[in-house]
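Enquirer: One structure, as C-alpha cells, below. Some questions next.
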Amino acid sequence: MTTEHFTTEAGGVPTAPGRYVDVQAIPPVEFVAGLEFRPVLGERTMVNFVSFEPHTEAPMHVHEEEQIVLVLEGEFEFELDGDIRIMRKGDVAVVPSWVPHGARTHDTSCLEVDVFNPPRRSLLAHTENTAAASTDEA
C-alpha cells in the first residue's frame, strides 16, 4: 500500500514545472474592508489564503466551485446552509457547489485557507500576482 501511494514510477508526463510561492509577497485582494485574499493558482486547483480582521464579514453567497475551508489561526463564525458554528484552528468545512455560506469574525481575527476546484472565477484575474511571488529557491 505504501509503495502505491509513494510511487516513483511516472504514469505520464509532467504538465508544468513545480514552483514555490511566497504568499506574503502576493498583493492582497480586498473585496470587503478587513478581508484580504491571497490566491495561489495551480493548473486545476486554487488555494486562497484569507485573513479576517476583527468584526469583519464575508456576506452569505453561493458559487459554482467546490470549496474546502481550513482555519489556521484565530476563529470565526461560519454559516453553512443555515448551520452556524464557531470554527477554530484545525476545523474544516466542505462547501459543495451552490451551497449558501458566509463568515464573520467577532472580537478576534482569523487566518484561513480556502481550496477551490475548479479555481474560483472571481479570483482568477488576481492570480497573475502569484507568478510574481513565485521563487526559484528551494
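Enquirer: State the number of residues belonging to segment 19-30 that are part of a strand (DSSP E or B) and either surrounded by 13 or more Cβ atoms within 10 Å (Cβ to Cβ) or free of Cβ contacts under 8 Å to residues at least 60 places away in the same chain (or both). Lay out the reasoning, then the answer.
Expert: From segment 19-30, those part of a strand (DSSP E or B) are 20-21, 29-30; that's our starting set.
Add one more test, that the residue is either surrounded by 13 or more Cβ atoms within 10 Å (Cβ to Cβ) or free of Cβ contacts under 8 Å to residues at least 60 places away in the same chain (or both), and what stays is 21, 29-30.
Adding up the residues that qualify gives 3.
Enquirer: Sort out which residues of segment 111-128 are at pLDDT below 90 and not in a helix (DSSP H, G or I), and write them in order of number.
Expert: Ala125, His126, Thr127
A quick yes/no check of all residues on (1) within 14 Å of the chain's Cα centre (by Cα); (2) under 13 Å from Val40 (Cα atoms):
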| site | (1), (2) |
| --- | --- |
| Ile68 | yes, no |
| Asp81 | no, no |
| Thr105 | no, no |
| Pro119 | yes, yes |
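The rows are residues; the columns are (1) assigned to a strand (DSSP E or B); (2) more than 21 Å from Ala125 (Cα to Cα); (3) aliphatic (A, V, I, L, M); (4) modelled with pLDDT of 95 or more.
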{"site": "Phe37", "(1), (2), (3), (4)": "yes, no, no, yes"}
{"site": "Glu43", "(1), (2), (3), (4)": "no, no, no, no"}
{"site": "Val50", "(1), (2), (3), (4)": "yes, no, yes, yes"}
{"site": "Pro54", "(1), (2), (3), (4)": "no, yes, no, yes"}
{"site": "Glu64", "(1), (2), (3), (4)": "no, no, no, yes"}
{"site": "Gln67", "(1), (2), (3), (4)": "yes, no, no, yes"}
{"site": "Glu77", "(1), (2), (3), (4)": "yes, yes, no, yes"}
{"site": "Trp98", "(1), (2), (3), (4)": "no, yes, no, yes"}
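Enquirer: Would a scan of segment 1-8 turn up a residue that is exposed (fewer than 13 other Cβ atoms within 10 Å of the Cβ), out of contact with any strand residue (DSSP E or B) (no Cβ under 7 Å at 6 or more places or on another chain) and within 30 Å of Trp98 (Cβ to Cβ)?
Expert: Here is the first cut: in segment 1-8, the ones exposed (fewer than 13 other Cβ atoms within 10 Å of the Cβ) are 1-8.
Now drop any that are not out of contact with any strand residue (DSSP E or B) (no Cβ under 7 Å at 6 or more places or on another chain), which leaves 1-8.
Among the residues that remain, those that are also within 30 Å of Trp98 (Cβ to Cβ) are: none.
Within segment 1-8 (the criterion being exposed (fewer than 13 other Cβ atoms within 10 Å of the Cβ), out of contact with any strand residue (DSSP E or B) (no Cβ under 7 Å at 6 or more places or on another chain) and within 30 Å of Trp98 (Cβ to Cβ)), the answer is no, since none of the residues qualifies.
Enquirer: Pick from segment 46-89 the residues that are closer than 15 Å to His101 by Cβ and among the acidic types (Asp, Glu): which of them is surrounded by the most Cβ atoms within 10 Å (Cβ to Cβ)?
Expert: So the first thing to find is which residues in segment 46-89 are closer than 15 Å to His101 by Cβ, and the list is 48, 50, 52, 57-71, 76-87.
Next cut, among the acidic types (Asp, Glu) only: 57, 64-66, 77, 79, 81, 83.
Working: Glu57: 16, Glu64: 10, Glu65: 20, Glu66: 15, Glu77: 15, Glu79: 16, Asp81: 10, Asp83: 9.
The extreme case among them is Glu65.
Enquirer: In segment 60-109, which residues are of a type in the set (Ser, Thr, Tyr) and in contact with a Phe, Trp or Tyr (Cβ under 9 Å, 6 or more places away or on another chain)? Step through it out loud before you land on a result.
Expert: The first filter runs over segment 60-109 and keeps only residues of a type in the set (Ser, Thr, Tyr), leaving 97, 105, 108-109.
Thr105, Thr108, Ser109, listed by residue number.
The values are calculated or read from the model by the stated rules, or taken from the named source; none is laboratory data. The model shown is predicted, which means the values in this text are computed figures rather than measured ones. Backbone-built Cβ (ideal geometry, glycine too); neighbour counts: all protein chains shown.
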